[in-house]
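The block underneath contains the structure these notes are about, expressed in structure tokens.
The values are calculated or read from the model by the stated rules, or taken from the named source; none is laboratory data. Everything numeric here is computed off the predicted structure, so don't read it as measured data. Neighbour counts are summed over all protein chains in view; Cβ atoms, including those assigned to glycine, are modelled from backbone coordinates with ideal geometry.
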Amino acid sequence: MRLNDPELVAREYASERGLEGRRAAYRYGVGPDPREMAFEAVAEAEPRRVLEVGPGPGELSERIQRDLRADVVALDISERMVELTQARGVEAVVGDVQQLPFPDGSFDCSVAAWMLYHVPDVVRGISELARVLRPGGRLVAVTNGADHWQGLSELVGFERHESCFSAENGEELLRRRFARVERRDATGWIDFPDRAAAQAFVDSTILLEGDLPVFEGPLRVRRSPYVFVADEPL
Ligand SMILES: C[S@@+](CC[C@H](N)C(=O)[O-])C[C@H]1O[C@@H](n2cnc3c(N)ncnc32)[C@H](O)[C@@H]1O
């Protein structure tokens, strides 16, 4: 199973159920909050016009619009995610990051949080995100590292394929289209309080499957998000 298989992406995001199940684990997070770090990276750019691609239900878009008073447009391949984002009062359209329906230089900042690993032609997706930025603009892209979920993945079935946009290969891909690229470490832990909480998480993921072995007490799992900040599109 590849994360950038269009059929898998269409199935997974037809509803918010799986995504919300995975996000529930944030309440057990220990360490930096990557969502906060992504917001801060956008805020640093003091943008007036922001594009978020793959916003999911749209919380980050809504926050950027409200707290930074920026004009935000969100674009997602899933009709349901567009509907949820619009319900937050954010302008949102159905579309594909591989072919953005915006003229060159339309935005000060673009955001792609945990979505580039779903894109079949990620080089093209990044090119599009660079194209729609004004000179000197910024892309903020969040993804995970190879040891994400270590401590849990060994306990259940896990089909690991190399991700097309990961903490390990992201910098090289972004440097093709941006003059400056910085990788910010947001790694930490997920401290599941018990087996039931860890199992609920496994059941919500795309890549992990099966039943955890019976165990008592908490389970500590690695969490490896990184925030890429790419400036000055080439
Ligand atoms: C893992 S979710 C991330 C949601 C949100 N950014 C977050 O941080 O929780 C991936 C999102 O990217 C969207 N997506 C996947 N492929 C896409 C594409 N080619 N173009 C636009 N959106 C896409 C999905 O529909 C989904 O909403």
When restricted to 63, 80, 124, the only residue among the charged types (D, E, K, R), farther than 30 Å from residue 222 by Cα, within 15 Å of the ligand (Cβ to nearest atom) and without any contact (Cβ under 8 Å) to a residue 60 or more places away in the chain is 124
Which of (1) within 15 Å of the ligand (Cβ to nearest atom); (2) out of contact with any Phe, Trp or Tyr (no Cβ under 8 Å at 6 or more places or on another chain); (3) in a strand (DSSP E or B) is the odd one out, the single condition residue 135 does not satisfy? (1)
Those residues that are under 18 Å from residue 148 (Cα atoms) and among the charged types (D, E, K, R), I need them from segment 21-66; list them, please. 22, 23, 27, 33, 35
Give the residue that is nearest to the chain's Cα centre (by Cα), with candidates limited to residues of segment 98-118 that are within 11 Å of the ligand (Cβ to nearest atom) and farther than 11 Å from residue 141 by Cβ. 118
Could you tell me whether any residue of segment 194-204 is in a loop (DSSP other than H, G, I, E, B) and either within 16 Å of the ligand (Cβ to nearest atom) or closer than 17 Å to residue 22 by Cα (or both)? yes
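Each row is one residue, and each column tells you yes or no for (1) near the ligand (Cβ under 9 Å from one of its atoms); (2) part of a loop (DSSP other than H, G, I, E, B); (3) at pLDDT 95 or above.
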| site | (1), (2), (3) |
| --- | --- |
| 21 | no, no, no |
| 25 | no, no, no |
| 40 | no, no, yes |
| 55 | yes, yes, yes |
| 75 | yes, no, yes |
| 88 | no, yes, yes |
| 93 | no, no, yes |
Would segment 112-123 turn up any residue that is surrounded by 21 or more Cβ atoms within 10 Å (Cβ to Cβ), touching a Ser or Thr at 6+ places or on another chain (Cβ under 8 Å) and assigned to a loop (DSSP other than H, G, I, E, B)? no
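Please specify each residue of segment 83-95 satisfying the condition of being over 12 Å from residue 16 (Cβ atoms) and crowded, with 21+ Cβ neighbours inside 10 Å.
90, 92
One line per residue, one yes/no per condition, for (1) in contact with a strand residue (DSSP E or B) (Cβ under 6 Å, 6 or more places away or on another chain); (2) surrounded by fewer than 20 Cβ atoms within 10 Å (Cβ to Cβ):
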{"position": "167", "(1), (2)": "yes, no"}
{"position": "171", "(1), (2)": "yes, yes"}
{"position": "180", "(1), (2)": "yes, yes"}
{"position": "195", "(1), (2)": "no, yes"}
{"position": "199", "(1), (2)": "no, yes"}
{"position": "214", "(1), (2)": "no, yes"}
{"position": "217", "(1), (2)": "no, yes"}
{"position": "222", "(1), (2)": "no, yes"}
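Every residue, every condition in (1) closer than 16 Å to residue 144 by Cα; (2) modelled with pLDDT of 95 or more, yes or no:
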site: 185; (1), (2): yes, yes
site: 188; (1), (2): yes, yes
site: 210; (1), (2): no, no
site: 225; (1), (2): yes, yes
site: 229; (1), (2): yes, yes
site: 232; (1), (2): no, yes
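When segment 24-56 is examined, which residues are found to be under 20 Å from residue 116 (Cα atoms) and surrounded by fewer than 16 Cβ atoms within 10 Å (Cβ to Cβ)?
33, 36, 40 - these are the residues of segment 24-56 that are under 20 Å from residue 116 (Cα atoms) and surrounded by fewer than 16 Cβ atoms within 10 Å (Cβ to Cβ).
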Any residue in segment 173-196 that's of a type in the set (S, T, N, Q): show its pairings with residues that are part of a loop (DSSP other than H, G, I, E, B) at Cβ separation under 8 Å, as long as the two are six or more apart or on different chains. 187/31; 187/32; 187/145; 187/224
Go through (1) within 19 Å of residue 58 (Cβ to Cβ); (2) in contact with a Leu (Cβ under 7 Å, 6 or more places away or on another chain) one by one and return the number of the condition residue 109 breaks. (2)
